[in-house]
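Each remark here refers to the structure printed beneath this line.
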Amino acid sequence: MVKINEQTQLFEIIGTELKEKTECFVIGGSAMMFYGAKEDTKDVDLVFLKKEGLEKVKKVLEKMSYRDKKELVKIFRRYEDNKNRPIMMVGLEGQRIDLFFKEIITFEMSDTIVNRVKETHEFGNLIIKVVSPEDIILLKCATEREKDRFDALSLMEKFDIDWDIIIEETVNQTKLESYLFPVYLYDFLEELKEDFKADIPIEVLRKIRKISENLLEEKLGKKKK
Amino acid sequence: MKKSDVKLFSIAKKLSGLQTASTISKNLGVEKRTAVNYAWRLRKEGYLTSTGGGRSIKFYRISPLKFKGKKGYSLYGLINKYSRVKLNTSKDYIIHAKREPPPEEILVRAISSNEYRLMIASLALFNKINNWSNLRILAEEYKIGRNVGALYDVARKFIRVRRMDEKTRKALLKSNGKKFLFGYKIKSKNFQDIEKRWRVFIPINKHDMEIYKEWSR
C-alpha cells in the first residue's frame, strides 16, 4: 500500500530526476489521496498525453529499480482486446505504478476531462494534474475490483457529485473510441445503487440506461442492415 | 466515526464552499452566535479555514475534505497573501518545494500562467520585489522578460510599486517576450506608448486599472 507521504516523496524524486517539465494526470486512488478522500492506495495511476513524457518517467522509475511487469494482472475489464495496455512498474518493495497513454482501457482522456482539472501539483519538473471526482467515478467503472466500488461510494458521500457531468462525459465517450462505455457505466452504477445503497438519483440511472439502449439498438440495427 | 463527527461531516458537506457567519446561520437555520460556534468546531476538526475579519467581513472556506495535512504552497494562496485584490477560485496550483516561493517567482509564474485574473491580481507584487536581479533571471527563464517590464510600467502608472533598478530595466528591454494567451481575445489601445517601448501587446485597458486602483486601497 502507498500512503500519501510516500506518494509525495515518490513524485518529488521523479520531479528532481526529470530534466524537462513533464505533465501527467493522476487518477484513481492516488487522485483521491490528493483530495484527502483516501489514506492509502494499492497503486499509483498516471496518465500521459505525450508518449515521450511516459517514456521519460518510465526511465526514471527504472533508475529507481522499478521493473516493468509484463504479464498483466486481470484487474481491468476487457483488457485482453485493448491495444493500449498500461505499463506496470513494480518497485523493490512491491509498490506499483501504472503508466497509461491517453487511454485507460475503455476510457479515453478527452479534452473535457482535461478542462475539468481543478488541482495541479508541481513537484520540480513533474507536473501532476488531479482529475475531478466525477471523472474518478467514471474511471472506476473500468475495473472489476471490489474496492473500486467502495472508492466510488466514498466519493459520492464526500463530494457533491455533478451528475450532469457524468451523463455528458458518458455521451462524449461514445463519440470517441469507447462506444459501449454507457453500458458498462450503467452496470456499475446500478450495482452500487442496488447492493451498496449508493445515493444515485434514479433519473440519472434512467438517462444512462436510455443512452445505452439507444446505442445498442443503433449498433444492432446497423449490423442487420 | 462518532455520532458527533458524522453530524459535523454532514454540516461541512452542506456548507461546502465560501461562507460567512450570516450565510451559515441562514443555511442551518440557527442564530448567528450558534453559527460562529459551528465555525469554531468545524475549524477544530479541520473542515474550515478563514480569511478576513477585523474591519472586513470574515470569510470561511468550508470543505468536507479536511484541510489539515495539505502540503505545498498554493499559487493562488500566495497571491492572496501579498495582493490586496484577492482571488477566489475553485482551481488550485500547488507548488511542492522546501521553501516558500519568493514574490519574484510568484509574480513571474502568475504572468506566465495564461490566466487573466491571476495576472491582474499579481501586479501588486511589484511592490514586494526585493531582488530585481532574481526577477529578471526568472522572467528570462520563463521567456517573458519584456512582458514583465511592460506590466511593471502599467502597474507603476496606477498603483504604488517599488522602483526597478536601471540595470534590470535595460536587461529586460533586451530580453525575450511572448504573446499573452488567455483563450479569448482582449483588445486594448490604452497603453500604446508602453507597448511600443517593450514590443509586446498589453491585454489591460485603462478602465481595468482604475478599478484595480480602487480595490487596492
Single condition A:Glu62 does not satisfy, out of (1) surrounded by 15 or more Cβ atoms within 10 Å (Cβ to Cβ); (2) modelled with pLDDT of 80 or more: (1)
Qualifying residue in segment A:129-137 (condition: within 29 Å of A:Gly15 (Cα to Cα) and of a type in the set (Asp, Glu)): yes
Count of residues meeting criterion [among the hydrophobic types (A, V, I, L, M, F, W, C), part of a helix (DSSP H, G or I) and in contact (Cβ under 8 Å) with a residue 24 or more places away in the chain] in segment B:5-40: 6
Qualifying residues in segment B:97-118 (those that are of a type in the set (Lys, Arg) and surrounded by fewer than 20 Cβ atoms within 10 Å (Cβ to Cβ)) - the one nearest to the chain's Cα centre (by Cα): B:Arg117
Test: residue in segment B:3-10 that is surrounded by fewer than 17 Cβ atoms within 10 Å (Cβ to Cβ), away from chain A (no Cβ under 14 Å) and among the acidic types (Asp, Glu): no
Residue that is surrounded by the fewest Cβ atoms within 10 Å (Cβ to Cβ), among those in segment B:42-53 that are in contact with a strand residue (DSSP E or B) (Cβ under 9 Å, 6 or more places away or on another chain) and in a helix (DSSP H, G or I): B:Arg43
Strands (runs of 3 or more DSSP E) fully within segment A:89-177 counting 1 or more residues that are of a type in the set (S, T, N, Q) and within 14 Å of chain B (Cβ to nearest Cβ): A:119-123
Among residues of segment A:160-173, those that are more than 17 Å from the chain's Cα centre (by Cα) and surrounded by 16 or more Cβ atoms within 10 Å (Cβ to Cβ), counted: 1
Segment B:22-60: number of residues that are closer than 30 Å to B:Asn114 by Cβ and within 14 Å of chain A (Cβ to nearest Cβ): 1
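The values are calculated or read from the model by the stated rules, or taken from the named source; none is laboratory data. Treat the numbers as computed from the prediction; the structure is a model and nothing was measured. With ideal geometry, Cβ positions are generated from the backbone for all residues, glycine too; neighbour counts draw on all protein chains shown.
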